[in-house]
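First up is the structure itself, then whatever we jot down about it.
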Amino acid sequence: MKKEDFKIVKVLGSGCYSVTYEVICTKGKFKNRKYAMKRYFLNDEQSICRALIERQFGARLVSRNSSSPFVATLFWAFGGWKTPCCVYTLGSDYTLRDLVKSVGLLKEEDARFYIAEIICGLEYIHEKGVVHRDIKLENVLLSESGHAIIADFDSAYDLEVDHRRKKSSVYAGTLEYMAPEIANRVEVTKKADVWSLGALMAHLVTPRFRSDRVSRDVRIQKAMDGTYEILNAASLSNELMKFFDICLKHDYNERPEVVELKALEFFTSIDWTELGACRMEPPFKISELKFSCISKLAGSSRKLDASKLQFIPKNLENLKKYGYTNEKLQHLFRKFNFVNPLYFGPSTVKE
C-alpha cells in the first residue's frame, strides 16, 4: 500500500510532529474501508525519533500472532523518510476526554469500566515489553461500540531493547499524568504506566488532579514531587481511594504491576473474562456524546498549517543542520514499510 491508495475524509487531530486523518482505502480488497492515518512531518531530530518509534511499537504490538481489542492496531506503515505514514484502527470521533466534556465527571462504576478495559490493554502492551509513557484521556479512543482503545505510541519505551539503559534523558509524556521517576529521569519501568493510570482515573472522577493553569516550571516541579489533589475524596469510596493510594505511590518499587490491579477490591464487580472479550456493555453510547474535539476542530476558525493538510512534504533542507543528510535519513527509514501479518499475511519486513 502507499499513500495514493487512500483518500482523506477529514482531519482527526494535529500534534507537534504529525497530523492524523480519517482516510478511506480506494483500491484492492480493502476498498471503501476506513482507517486512521497518522502522517509525520520531519523537521527536527525529535520528529524523526517520534516517527520511527511509532512504527516500531505499532509493529511490535501485532507481532507473535496476537492483538488486543483495547490497543490500536497498526495495519500498514509506508512513505519512507519523505512522507512517513502509519495506518491504524479508526475509532469513533470521541476520546475519554470528549466523554468527560460531554457528560461531566463519571460515577465510580462507570469509570471502573473504562479503567478495567485500559488495564487489559496495558497488560497486553507490557507483555510485549513496551511502556506507553503517555496514558491520558486524549490518548484513549472510544470505538464505535463505546469500548476503550489505547492509542499514540510515539512516546513509548522499549524495555526489550533498552533493558541496559533504563534512564531517559528527555521528558516523555504529559506532566499532569507523569510519574515522578519519569519527571526526575530516574528509571523507566512498567510502573510508570500504573501511576498514569491512577492519574487518568482521577481525571475521570475528580474535579482536579494537578492544575494545568500554572507555569510550566511549577507543573514540572509537581510532577517531580509526585504531588496531586483529590478534592472530592470524602465523597469517594474507600475502595477507590485505596486504588489511588496504590497506583500513586511515589516510590515506583512500591507500586504493583498493572495485572495485579485486577485483584483489588475496587474491581470485585468486574468479570475479567467477559470484559476482556468485549462482552460487557459500555456505560455510554457514542450517540449520547455531544462534545468532540474533532468536531470542534472542523468548526473552528483556527486553521491548521496548510502544509500539514497535504501529502506533499515540506522542504526538508533544515534537517541537514542537524546532520541528517538524505542518505542518513534513507538509512534510518530503510525498514519503515510494514504490512500487518495478522490481517494481510507475512510482513515484508522484519521487526
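Answer yes if at least one residue in region 100-107 is part of a strand (DSSP E or B) and more than 21 Å from the chain's Cα centre (by Cα), and no otherwise.
There is no residue in region 100-107 that is part of a strand (DSSP E or B) and more than 21 Å from the chain's Cα centre (by Cα).
Search region 12-44 for residues being more than 17 Å from residue 55 (Cα to Cα) and of a type in the set (S, T, N, Q), and hand back the single one that is surrounded by the fewest Cβ atoms within 10 Å (Cβ to Cβ).
Across region 12-44, the extreme among qualifying residues is 32.
Restricting the search to region 202-243, which residues are closer than 20 Å to residue 254 by Cα and hydroxyl-bearing (Ser, Thr, Tyr)?
227, 228
Can you tell me which condition residue 92 does not meet? The list is (1) in a loop (DSSP other than H, G, I, E, B); (2) under 13 Å from the mean Cα position of the chain (by Cα), and all the others hold.
Exception for residue 92: condition (2).
Would you be able to tell me the number of residues in region 111-130 that are surrounded by fewer than 23 Cβ atoms within 10 Å (Cβ to Cβ) and hydroxyl-bearing (Ser, Thr, Tyr)?
1
Across region 250-289, what is the number of residues that are touching a helix residue (DSSP H, G or I) at 6+ places or on another chain (Cβ under 8 Å), free of Cβ contacts under 8 Å to residues at least 40 places away in the same chain and within 24 Å of residue 189 (Cα to Cα)?
Qualifying residue count for the region: 1.
Just for region 64-109: of the residues that are acidic (Asp, Glu) and either assigned by TED's automatic domain parsing to the domain that holds residue 51 or in contact with a Leu (Cβ under 8 Å, 6 or more places away or on another chain) (or both), which one is farthest from residue 30 (Cα to Cα)?
That would be 108.
Just checking, which of 175, 200, 248 is more than 19 Å from the chain's Cα centre (by Cα), of a type in the set (A, V, I, L, M) and surrounded by 14 or more Cβ atoms within 10 Å (Cβ to Cβ)?
Going through 175, 200, 248 in turn, the sole match is 248.
Right, residue 291: closer than 23 Å to residue 97 by Cα, among the aromatic types (Phe, Trp, Tyr) and touching a Leu at 6+ places or on another chain (Cβ under 7 Å) or not?
Taking the combined requirement at face value, the residue does not satisfy it.
Does residue 39 qualify as being modelled with pLDDT of 90 or more and part of a strand (DSSP E or B)?
Yes.
If the Cβ limit is 6 Å and pairs must be 6+ apart or interchain, which residue in region 211-223 that is surrounded by 11 or more Cβ atoms within 10 Å (Cβ to Cβ) pairs with which residue that is at pLDDT below 90?
222/210
I'd like to verify a number: residues in region 54-72 that are surrounded by fewer than 20 Cβ atoms within 10 Å (Cβ to Cβ) and under 21 Å from residue 282 (Cα atoms), how many?
Qualifying residue count, region 54-72: 2.
Please specify each residue of region 49-73 satisfying the condition of being more than 18 Å from the chain's Cα centre (by Cα) and at pLDDT 90 or above.
Those that are more than 18 Å from the chain's Cα centre (by Cα) and at pLDDT 90 or above: none in region 49-73.
Are any residues in region 215-267 touching a Lys or Arg at 6+ places or on another chain (Cβ under 6 Å), among the charged types (D, E, K, R) and either closer than 26 Å to residue 120 by Cα or not assigned by TED's automatic domain parsing to the domain that holds residue 196 (or both), and if so, which ones?
249, 255
The values are calculated or read from the model by the stated rules, or taken from the named source; none is laboratory data. Bear in mind that the values here come from a model prediction, so they are computed numbers and not experimental data. Neighbour counts run over all protein chains shown; Cβ positions are idealised from the backbone, glycine included.
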